[in-house]
Amino acid sequence: MDKVNRSRPASPQTRMGVLSIEKRKYPRFSVELPLNYARAEGKDILGGMVANASEGGLLVYLPERIEIGGLLKIEIFYVRGLELDTIKAVAKVVWCDLGARESWGEHRYGLQFQYIEEKDFSRLTTLLKEVGK
C-alpha cells in the first residue's frame, strides 16, 4: 500500500482532475422548439421537439424509431417578433438513443443538416444568436 503525506496540501503539480474540451465544430444552444418532420421518402408528417440546436444540426425527440442514416425533411417553428416563422431543412440521423424516454414514446436523435437553403440558414443563425444572448 502506498503511503500518502496528508500533512501537506497537494501541490499544483500533483493535483489530478478531468479536463473536458468541447470537440464540436459549432456551439450548441438549448432551445425548446416544435418541429414537423417526414421521412425523405414518405408523405406522413409527424411532430417532435428540438432540445438543442447549432449551425450543424439538432438534438431532437421524435415519437418513432428511425434508423441511423435516415433522411428527414424537417420544419422548425419559432416566434419572431409577433409572427410565427419556420426553418426548413433536410437532415440525416447520425446517432440515436432509443432508451432516452422510450417509456414516454419519445426517442432521442442527433440530426446533421444535409441541405438548408441560404434564407433558412440565415434564420437559423439569427435565432441562435438571440438564444445565445
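The values are calculated or read from the model by the stated rules, or taken from the named source; none is laboratory data. In this text, all values refer to a predicted model and were calculated from it rather than measured experimentally. We place every Cβ from the backbone using ideal geometry, glycine too, and count neighbours over all the protein chains shown.
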- Scan R28, R101, R108, R24 and give me the residue that is at pLDDT below 95 and surrounded by fewer than 12 Cβ atoms within 10 Å (Cβ to Cβ). R24
- Right, G47: surrounded by 14 or more Cβ atoms within 10 Å (Cβ to Cβ) and either of a type outside the set (G, A, S) or at pLDDT 90 or above (or both) or not? no
- Query: What are the residue pairs meeting all of these: first residue in region 33-62, first residue part of a loop (DSSP other than H, G, I, E, B), second residue of a type in the set (D, E, K, R) and surrounded by 15 or more Cβ atoms within 10 Å (Cβ to Cβ), Cβ atoms under 8 Å, and 6 or more apart or on different chains?
  - Reply: A40/K73; S54/R28
- Quick check: is even one residue across region 76-97 loosely packed, with under 15 Cβ neighbours inside 10 Å, assigned to a loop (DSSP other than H, G, I, E, B) and without any contact (Cβ under 8 Å) to a residue 24 or more places away in the chain? yes
